[in-house]
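This report concerns only the one structure given below.
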Amino acid sequence: MFLYSEYIFVLVVGLIFVGVFLSGKRGGRRAALRMLFKDSEALHAVDPDTPVIDCVRKMCTEKIGALIVIDGEKLAGIFTERDALNKVLAAGLDPAATKIAEVMTRDPYCVAPTMTVGDAMDVVTQRRFRHLPVVANGKVLALVSSGDLIHWLVKDKIEEVQELVDAAAR
């Protein structure tokens, strides 16, 4: 039979669990996308006249799945691994002779840095995107991948669980 103090303990642990679960230390799905990247992070971009072979090499070297294509200071498009496979290799084009402007995805779907991680996750899931350019005032700030979003959400849940373990230990 439980004692009064044990009831209080269970109630407190339950309230802590609910509080941690609902709030999330970093905001979880409610965090703005700008929380995922730093202004100092390099944005991997190329010029529209860059040969596909150079873009693919850059993607391999940097271990990334997409490049932003910038014409002057304006976002012209995005070049992804899918573009390389479907629009270059499957189409039989020569990667050394093909300019990125010929095969990039023009006018990609862009999101604001104020969009929440949850809303961005909904976009990549529903539209089957792997990369989202983050744009503010016409300037590309970052390129967020579905992996970045998943990593953020998983890390947030791990922190929540650790808080629960710490609270229970106290």
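Each reported figure results from applying straightforward, stated rules to the coordinates on display, with no laboratory input. Computed from a prediction, not measured in an experiment: that's the story for all the values here. We place every Cβ from the backbone using ideal geometry, glycine too, and count neighbours over all the protein chains shown.
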3J(HN,Hα) from dihedral phi, the range 31-36, Karplus parametrisation 6.51/-1.76/1.60, rounded to Hz, x for glycine, proline: 5, 6, 4, 4, 6, 7
Built amide H within the under 5 Å cut-off of M115, gap 5+: L33
Projected label distance in nm at Y109 and I64, using a 7 Å step from Cα toward the beta-carbon: 2.1
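Rounded to the nearest 5, what is the percent of antiparallel bridges among the DSSP beta bridges in the range 31-151? It would help to have the intermediate numbers written out before the result.
Values: 16 of 19 bridges.
Within the range 31-151, antiparallel bridges account for around 85 percent of the total.
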The range 61-122: GluC sites (Glu not before Pro) in DSSP loop, at most 14 other beta carbons within 10 Å: E73
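How about the range 28-80: which trypsin sites (Lys or Arg not before Pro) there are in a DSSP loop, with at most 13 other Cβ atoms within 10 Å of their Cβ? Display every interim value, and only then the final one.
Details: sites: R29, R30, R34, K38, R57, K58, K63, K74; in loops: K38, K63.
The qualifying sites are K38, K63.
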For the range 31-151: span of alpha carbons on each principal axis (Å, largest first): 43, 29, 25
